[in-house]
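Each remark here refers to the structure printed beneath this line.
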Amino acid sequence: MVHAESDGRFMTVRTKVKLPTEQWYHVTAAYDGSAKAAGVSIYLNGRKQELAVEGDNLSDTARTDEPLRL
């Protein structure tokens, strides 16, 4: 999950588990609006995943009028 601002600040998180291909998964993401990676949760098949944080320097909320694209 990535959110980038025009000033170069960004937040990137990913699950630590690598998923096999050729399989269906139910993926859900939740975000508390805090502008911190700690506010992101990702669930695979109903189980909360451990996340790897690759960037966590937003200066404001990630709220946007743009739709979520996967």
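The values are calculated or read from the model by the stated rules, or taken from the named source; none is laboratory data. Since this is a predicted model, take the numbers as computed values, not measurements. Virtual Cβ from ideal backbone geometry, glycine too; neighbours counted across all protein chains shown. Remember, those area values only see protein heavy atoms, side chains included, never the ligands or the DNA or RNA. Shrake-Rupley method; radii C 1.70, N 1.55, O 1.52, S 1.80 Å.
A few points about this structure:
- Number of positions in segment 4-29 that are part of a strand (DSSP E or B) and free of Cβ contacts under 8 Å to residues at least 12 places away in the same chain: 1
- Test set (1) touching a strand residue (DSSP E or B) at 6+ places or on another chain (Cβ under 9 Å); (2) modelled with pLDDT of 85 or more - residue 68 fails condition number: (2)
- Scanning segment 1-32 for residues that are among the β-branched types (Val, Ile, Thr), out of contact with any helix residue (DSSP H, G or I) (no Cβ under 6 Å at 6 or more places or on another chain) and at pLDDT below 90 yields 2, 12.
- Residue within segment 33-53 that is part of a strand (DSSP E or B), modelled with pLDDT of 90 or more and open to solvent by 90 Å² or more (accessible area, probe 1.4 Å) present: yes
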